[in-house]
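The values are calculated or read from the model by the stated rules, or taken from the named source; none is laboratory data. Keep in mind the model is a prediction, meaning the values are calculated, not measured. Note: ideal-geometry Cβ built from the backbone for every residue, glycine included; neighbour counts use all protein chains shown. Heavy atoms of the whole protein, side chains included, go into the accessibility calculation; ligands, DNA and RNA do not. Shrake-Rupley method; radii C 1.70, N 1.55, O 1.52, S 1.80 Å.
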Amino acid sequence: MSNAASQALGLDLRRITFGNVWQVIGPLASLIILSLLIWWAEPVFMSPQNLLNVARQASLTAILATGMTFVILTGGIDLSVGSMVALSSVCGGLLMWEFGWPMWPAVLVMVVVGGLLGLINGAIVTLGRIPPFIVTLGTMQIFRGAALQLTDGKPIFDLTAFQPSFSMWGTGDLGGIPAPVIITLVVFVAGWLILRYTRLGLYTYAIGGNEQATRFSGVQINRYKLGVYGLMGVTAGVAAVMWSSRLNSTQPTVATGEELNAIAAVVIGGTSLFGGEGSIVGTLIGALLMAVIRNGLTLLHVPSFYQQMVIGAVVVLAVLIDRLRRRETA
Amino acid sequence: MADLVSPVRDDEPLLALRGVGKRFPGVVALDDVSFDLRRGEVHVLVGENGAGKSTLVKLLSGIYQPDSGEILYDGQPVSIPSPYAAQRMGISTVHQELNLVPELDIGRNILLGREPMLAPGIIDYRSLYRSAREPLAALGLPLDPRRKVRTLGIALQQTVEIAKALIANARVLILDEPTAAITAEEADQLFTIVDQLRARGTAIIFISHHLEEAFRIGDRVTVLRDGRLVDTLPLAATNQQAIIRMMVGRELIQQFPERKSTPGEVALGVTRLNRTGVLHDITFEVRRGEIVGLAGLIGAGRTEVARAIFGIDAIDSGEITINGLPVRVANPRAAVRRGLALLPEDRKAQGLVLLMSVADNVVLAAPGQMDAAGGLVPPKNRANVARRFVDALRIRTPSVGQQARLLSGGNQQKVVLSKWLLTEADIFIFDEPTRGIDVGAKVEVYRLMNDLLERGAAIIMISSELPEVLGMSDRILVMRGGRIVAELAGLDATQERIMQSAAAGSIQERIEDVA
């Protein structure tokens with residue numbers, strides 16, 4: 001099709017190649033088909049109550065996966081997100097519990113701490129030129145250790161006893177829609193806008209696609225990488241707020257292993273672990289797909305150990321399908 | 001290796017394609033192509049980029065399967081299901097991107113996958129190195145098989161690949177643009193090797209962008225255009241012009257277009273630039289409206305000059321002036337801000353983000369040019385900006401949303417150029433501006449360079465193609481060993497003079513240099 005013709009039709013042909021279509025359609029189709037199957041086996045699945053439940057279950061993973069999408073698009077990885085959630089949560093929780101801080105400043109602290117932890121990761125990655133896998137493998141331990149140290153390894157229960165309003169982030173709702181779902185949507189939309197409309201978004205793809213060419217184009221790679229890891233930290237901070245509120249406690253062991261769920265959601269969503277290719281819409285679908293599988297299997301009374309196996313299989317399958325797609329269009 | 005010397009029978013082809021077709025989504029890569037290869041011949045395959053040469057090679061080396069037609073080997077229809085199968089059948093390919101393990105030594109590379117064993121799983125290294133010496137000696141290369149491949153230059157690495165093919169008892173050897181990345185002298189060595197192999201009865205497919213080479217080394221030539229066979233004929237019965245006509249389907253009137261600009265003020269000055277062990281006292285200037293050509297052999301330091309000026313590599317001493325003012329270019333960003341533009345030699349690795357769209361590549365260096373509020377770069381604005389350049393530079397792409405990797409070499413180069421036009425750069429460094437670009441598209445690139453000059457740009461052009469250097473440069477600086485050893489202009493500038501200055505020293509010296 002000619003340029004003029006596509007312009008006249010108002011089409012952006014960018015997304016209309018087979019590979020790109022599959023990138024989003026594949027996971028989406030899987031999500032829909034799976035939902036229909038579960039619905040057929042267990043009608044309760046489609047009840048509004050249960051669907052909101054699924055959305056709520058997806059929220060923690062989806063928020064973290066939004067930040068993780070940026071990191072992975074640059075060709076990086078962040079293994080420390082679970083620990084970042086814990087340390088952010090502990091910091092805010094301690095301020096409320098031990099020092100009697102009001103709710104809003106404490107919440108802000110959680111988000112800011114998350115952002116700072118992310119910046120620490122980014123600074124070590126860029127200035128130290130150390131692979132992100134190694135850096136965040138280290139900080140995963142460091143952040144978790146710090147969280148345990150700060151609380152003496154013990155959870156702080158009943159935060160709402162000190163700050164009743166803190167409950168709004170996890171258990172509140174707006175017009176019947178649970179707060180975690182709303183928070184997730186806000187984070188997701190923000191991520192989508194950043195990725196599509198800002199320099200940070202453009203450079204996120206560029207750095208992952210070809211860091212050298214991007215640097216030779218005069219882009220300050222380090223600054224934008226720092227931004228990406230910072231953003232990842234902020235999403236961890238937001239997740240910390242939501243999760244501590246929902247659990248009504250702050251626990252130094254919270255969100256253990258959650259980094260793997262976030263990475264899984266990104267990968268299921270079609271983003272390449274090599275960077276440079278992928279979409280944040282896919283990530284959201286990936287997170288939903290994981291939640292639907294968990295929820296569906298629970299409704300069908302499948303033991304939770306099997307659920308874990310199924311999720312694992314889906315991750316491998318998603319990458320396998322992606323691999324086949326790439327071979328086709330190579 | 002005794003069976004390499006099979007009786008040479010010219011009558012019947014060793015390998016043949018009969019009406020072969022290969023399609024990819026949206027593209028017919030090969031359409032009803034027939035081709036035959038005889039024992040003991042060098043069959044040159046030419047065609048513009050996208051003509052189907054690579055696809056043909058990939059069919060023969062087992063990477064692709066044909067959609068239609070058949071492949072005959074020794075007169076029998078065969079299928080070549082995998083690269084491994086191709087090798088087992090005696091079809092070895094030396095790809096442009098070499099398939100060597102840099103961290104392993106020469107011997108282990110040559111016998112990779114066919115290591116002699118003492119017992120199951122236990123490699124007999126003594127016999128391995130002994131076997132590895134054989135093909136190296138046969139190729140006239142007294143290299144130590146225990147040397148790591150990483151330490152070899154590209155030309156020698158290529159020879160290691162050929163040695164690998166000899167070990168595999170190759171009856172058919174496919175050389176995919178073997179001379180693209182090596183110097184003229186190294187190419188001479190390669191031709192000697194090819195001659196030897198031909199004499200032993202090996203059938204060789206030789207792919208090249210350089211027609212002089214075709215005439216020098218080839219017996220027959222096959223021309224492909226747009227996935228179709230144009231003709232196969234003996235090279236003795238044709239000439240370069242005729243082949244170019246067949247390749248492009250039209251007459252190329254003028255390879256180096258007329259230029260109207262004349263040199264003006266000094267745009268860029270470089271004074272006594274030093275980088276220990278790499279560059280020594282580099283001093284030159286470039287005026288607006290002129291092209292300064294940097295000639296020299298690979299490794300002479302030309303690209304290193306470009307990298308130093310562009311702030312990629314730090315310099316130890318020296319001064320750079322832009323428009324007469326001393327400047328410090330600490331990194332590429334500073335260079336871009338000062339109006340410099342680099343069109344790197346390796347477009348795919350350094351010039352483009354292949355996975356991104358044409359539009360995103362165009363705006364990569366100057367997203368601020370899209371005048372959207374708050375520093376935003378909406379996709380729509382990117383597309384609009386990119387469309388301007390697609391039209392102005394006649395970039396052939398179905399849309400600005402097309403991934404850059406799907407464009408041909410010439411169009412990719414235009415995308416890189418668009419990127420710099422958007423930053424309003426006025427000092428351009430073209431490093432091998434037409435490498436891997438079709439004959440027709442080359443002329444377009446030259447025209448664009450002339451346009452830049454007329455708008456007052458200054459250009460440094462690094463090129464290993466002497467006709468290009470001579471045809472496009474106002475002045476030519478010849479480099480050797482990190483120094484500028486000659487400046488040639490006007491009648492002084494001849495291929496002979498350039499080569500004399502560029503190549504003092506023998507191949508042997510350079511083999512040692514590499515180490």
Residue hits (the range B:423-448; open to solvent by 10 Å² or more (accessible area, probe 1.4 Å) and within 12 Å of another protein chain (Cβ to nearest Cβ)) are B:T423, B:A425
Only one of A:R223, A:R294, A:R246 is open to solvent by 70 Å² or more (accessible area, probe 1.4 Å), within 14 Å of chain B (Cβ to nearest Cβ) and not aliphatic (A, V, I, L, M), namely A:R223
Those residues of the range A:263-291 which are closer than 17 Å to A:I194 by Cβ and within 12 Å of the chain's Cα centre (by Cα) amount to A:V266, A:G269, A:I280, A:V281, A:G282, A:T283, A:L284
In the range B:449-464, residues that are touching a residue at least 40 places away in the same chain (Cβ under 8 Å), open to solvent by 30 Å² or more (accessible area, probe 1.4 Å) and farther than 24 Å from B:T321 by Cβ total 1
Okay, strands (runs of 3 or more DSSP E) sitting entirely in the range B:40-139 with 2 or more residues that are touching a residue at least 12 places away in the same chain (Cβ under 8 Å) and closer than 30 Å to B:I243 by Cα, I get B:42-46, B:68-73, B:91-94
Of B:L325, B:L355, the only residue that is more than 12 Å from every other protein chain (Cβ to nearest Cβ) and either modelled with pLDDT of 90 or more or open to solvent by less than 40 Å² (accessible area, probe 1.4 Å) (or both) is B:L325
(1) open to solvent by 10 Å² or more (accessible area, probe 1.4 Å); (2) within 9 Å of chain A (Cβ to nearest Cβ); (3) not in a helix (DSSP H, G or I); (4) not hydroxyl-bearing (S, T, Y) all hold for B:G318 apart from (2)
Answer with yes or no whether A:T235 is open to solvent by less than 50 Å² (accessible area, probe 1.4 Å), within 30 Å of A:D158 (Cβ to Cβ) and within 14 Å of the chain's Cα centre (by Cα).
-> yes
Checklist line | Hey, B:A335 at pLDDT 90 or above, crowded, with 24+ Cβ neighbours inside 10 Å, at the interface with another protein chain (Cβ under 10 Å from one of its Cβ atoms) and assigned to a strand (DSSP E or B) or not | finding: no
Per the filter on the range B:358-389, residues open to solvent by 10 Å² or more (accessible area, probe 1.4 Å), modelled with pLDDT under 90, within 7 Å of chain A (Cβ to nearest Cβ) and in a loop (DSSP other than H, G, I, E, B) are B:P378
Of (1) more than 30 Å from B:L407 (Cα to Cα); (2) surrounded by fewer than 22 Cβ atoms within 10 Å (Cβ to Cβ); (3) not hydroxyl-bearing (S, T, Y), B:P257 satisfies every one except (1)
If we scan the range A:98-108, do we find a residue that is open to solvent by 60 Å² or more (accessible area, probe 1.4 Å), among the small types (G, A, S) and at pLDDT below 95?
no
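Would you mind listing the helices (runs of 4 or more DSSP H) fully within the range A:152-215 where at least 1 residues are more than 14 Å from chain B (Cβ to nearest Cβ) and crowded, with 23+ Cβ neighbours inside 10 Å?
Details: elements: A:168-171, A:179-197, A:199-209.
In the range A:152-215, the matching helices (runs of 4 or more DSSP H) lie at A:179-197.
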